[in-house]
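These notes are about the structure you will find just below.
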Amino acid sequence: MRRLLAGETVSSSRRFQITQASIALRPAEPVEVWIGASAPPAIDRAARMADGWIASPSLTHEEAHSQADFYRGRCATYGKRPTAIALRRDIYVGESSADAQAVLQQALSKGYRGIPAEALIAGSIDEVAAQFRVLGELGYTDIIVRHLTNDQLKVLGSLERLGKVRAALG
């Protein structure tokens, strides 16, 4: 991918066969490569090959801590400094704590995607900002969000309040 993005023509006869591949429109600036991984060998591969790593959305707080430490350690082994340590979290920023908990409970009542409740974030602007701060203290540089609900009005409201979470985080 890096060679393609740099404008090279690429061929390979490895696992995936590629013959004289190229891309016509290249990005004006370099593109970072982030690899999502959760198993130790895959996290090691992300440390070795990528610019950043994306952690699984289902990690508990302790797992998120442990895996981020493992990733940073593997990066150090390879003499690399990651540009991103990202974590996806399924969230809802409510009008109030009660509103957020109602949305969370509705999602959990349906067995939300098999993700443990501890790995979901729901709360008021201040509560979500506090939970994001904790993830930052664990070394996560980016939080990729997905909403806990498909209700369009609730998602739009949550997105608007997410902007306030971002402002609160500075």
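Any read-out appearing in this document is the output of simple, stated calculations on the displayed coordinates, not a laboratory observation. Predicted, not measured: the structure shown is a model, and the values here were computed from it. Don't worry about glycine lacking a Cβ; one is built from the backbone with ideal geometry, like all the others, and counts go over all protein chains shown.
Listing for the model above:
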item	result
Candidates per trypsin sites (Lys or Arg not before Pro) in segment 3-104, loop by DSSP, up to 12 other Cβ within 10 Å	14, 15
DSSP-defined beta bridges in the chain - what % are antiparallel, rounded to 5	15 percent
Point-to-point label distance, residue 167-residue 66, nm (Cα→Cβ direction, 7 Å offset)	4.0 nm
Gained length - residue 117 relative to residue 150, 0.36 nm times residue gap less alpha-carbon distance	10.1 nm
Spacing of the two label points (7 Å from each Cα toward its C-beta) at residue 35 and residue 101, in nm	4.2 nm
Using θ = phi - 60° and Karplus 6.51 cos²θ - 1.76 cosθ + 1.60, couplings along segment 26-32 (whole Hz; Gly, Pro as x)	9, x, 5, 10, x, 9, 6
Rounded to 10°, Cα long-axis angle of helix 40-49 versus longest principal axis of the chain	60 degrees
Net charge contributed by nearby residues that have their C-beta within less than 14 Å of residue 42 (K/R +1, D/E -1)	+2
Backbone HN-Hα couplings from phi across segment 129-136 [Karplus 6.51/-1.76/1.60, Hz, Gly and Pro as x]	4, 5, 5, 5, 4, 4, 5, x
On Cα atoms only, tilt of 152-169 relative to the major axis of the chain in degrees	80 degrees
Estimated [θ] at 222 nm from DSSP helical runs (n ≥ 4, -39500 (n - 2.57)) normalised by residues in the chain, nearest 500	-14000 deg cm²/dmol
Cα long-axis angle, helix 61-77 against the chain (0 to 90 degrees, to the nearest 10)	20 degrees
Nonlocal amide H pairs with residue 36, under 5 Å, H built at 1.01 Å	54
Estimated vicinal HN-Hα couplings, Hz - segment 94-101 in sequence order (Karplus 6.51, -1.76, 1.60; Gly, Pro = x)	x, 5, 8, 4, 5, 4, 5, 5
